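Heads up, the thing below is written out as structure tokens.
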Amino acid sequence: MENERSFQGDARRRRVRRLKRMIVLTALMWMILPVGLSIVLFGKVRALNGQLVETQGYLQRMEEAIARQEQAAGEEPPPEQLSRKEVIVTAPVAGADGQSEDVSAVEPEAAHKVYLTFDDGPSKYTEEILDILDIYDVKATFFVLGKENEYSIEMLKEIAERGHTVGMHSYSHKYADVYRSVDDFSADFYKIYSYILENTGIQSICYRFPGGSSNTISDIDMHVFADFLAEHEIEFYDWNVSSGDGGSVLLDVDTLVQNSTRDIARHETSIILMHDAASRSTTVEALPQIIESILAMEDTVILPITEDTTPVHHIH
Ligand code: ZN
């Protein structure tokens, strides 16, 4: 009996001890778990905080960059916006007898719209070309290159100030460089875009590919570069009328006039390719006749390229 009782007492004590251990263990579990979780969460918060600081820094840098850009462009954008609108409003007057009352229309209604475009400038002929255009009160489009000398910059400003459209024709005009890769094309694009912006305050909206979009020099499919421009909301313009002044032979005035005017009556939109280049003296000589014969055509207006101009593309 004695033994039995003591055995039972031992068993109870063991049970109590076991129970105590379980209680202690459970209590410990409940203490350790939250602490462990807290440590993990604390680590996470720290990591997120780090990311937040990084993001804030990035945002700040972006804001600063935007502010700098706006400041750089800021002095001039109103004239730019104005000049573009001015172009639209004043251009219709040119040669459109009685057609120009409709100021509300962005581009005047006419059966035939003609766009004179000059590639490769500025050149020693720029001023003469501008004077001729002024005489006839006609606005044109100059697809310029990145020429950094003082004279060229002065001419570039002159083109803009006299209300013509300033388009991009690449910075370097070196086919091998411009078309080497998308990166090269993009770098050249930003150079000519900034060159125009810095010197005229104009954010150019149009581009003419060196050699046109149908050139056979680029190894890369021209659609790739066309897509790049589209992504940047830049329209590219080829031509459907060529004066022929881009060839190796210097054409005479009569031929240039013929080439430039022959097919206008067939097109709703005629984009005429000409060159503002030092080697193209006959283009300047032919220009007054070209303009006069276009102005004499029925229901035909000469306009600068704007964002409302129907583009002509060699590739589709
Ligand atoms: Zn060219």
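Taken over the range 183-223, residues that are open to solvent by 10 Å² or more (accessible area, probe 1.4 Å) and basic (Lys, Arg) amount to 1.
Evaluate the following for SER242: is it within 16 Å of the ligand (Cβ to nearest atom) and not hydrophobic (A, V, I, L, M, F, W, C)?
Numbers: within 16 Å of the ligand (Cβ to nearest atom): yes; not hydrophobic (A, V, I, L, M, F, W, C): yes.
Answer is yes for this residue.
Here is the figure for the range 151-184: residues that are in a helix (DSSP H, G or I) and within 12 Å of the ligand (Cβ to nearest atom) total 2.
Testing ALA226 on (1) within 16 Å of the ligand (Cβ to nearest atom); (2) farther than 30 Å from GLU158 by Cβ; (3) open to solvent by less than 20 Å² (accessible area, probe 1.4 Å), one condition comes back false. Which one is that? Every listed condition holds for ALA226 apart from (1).
Could you list, in sequence order, the residues of the range 229-258 that are part of a helix (DSSP H, G or I) and either touching a helix residue (DSSP H, G or I) at 6+ places or on another chain (Cβ under 9 Å) or open to solvent by less than 20 Å² (accessible area, probe 1.4 Å) (or both)? Of everything in the range 229-258, those that are part of a helix (DSSP H, G or I) and either touching a helix residue (DSSP H, G or I) at 6+ places or on another chain (Cβ under 9 Å) or open to solvent by less than 20 Å² (accessible area, probe 1.4 Å) (or both) turn out to be LEU229, VAL253, ASP254, THR255, LEU256, VAL257.
Restricting attention to the range 200-214, the residues that are within 16 Å of the ligand (Cβ to nearest atom) and either part of a loop (DSSP other than H, G, I, E, B) or β-branched (Val, Ile, Thr) (or both) add up to 8. Being of a type in the set (Gly, Ala, Ser) and either crowded, with 20+ Cβ neighbours inside 10 Å or under 23 Å from GLY246 (Cα atoms) (or both) is true of ALA277. Being within 13 Å of the ligand (Cβ to nearest atom) and surrounded by fewer than 24 Cβ atoms within 10 Å (Cβ to Cβ) is a description that applies to ASP120.
Only one of the listed residues (ILE217, ILE271) is at pLDDT below 95, within 16 Å of the ligand (Cβ to nearest atom) and among the β-branched types (Val, Ile, Thr). That residue is ILE217.
Among residues of the range 259-274 being open to solvent by 10 Å² or more (accessible area, probe 1.4 Å), touching a residue at least 24 places away in the same chain (Cβ under 8 Å) and not in a loop (DSSP other than H, G, I, E, B), the one that is farthest from ASP308 (Cα to Cα) is THR261.
The values are calculated or read from the model by the stated rules, or taken from the named source; none is laboratory data. Here the structure is a predicted model, which is why all the values come from computation and not from measurement. So basically every Cβ, Gly included, is an ideal-geometry build from the backbone, and we count neighbours across all protein chains shown. Calculation scope for accessible area: heavy atoms of the full protein, side chains included, ligands and nucleic acids excluded. Shrake-Rupley method; radii C 1.70, N 1.55, O 1.52, S 1.80 Å.
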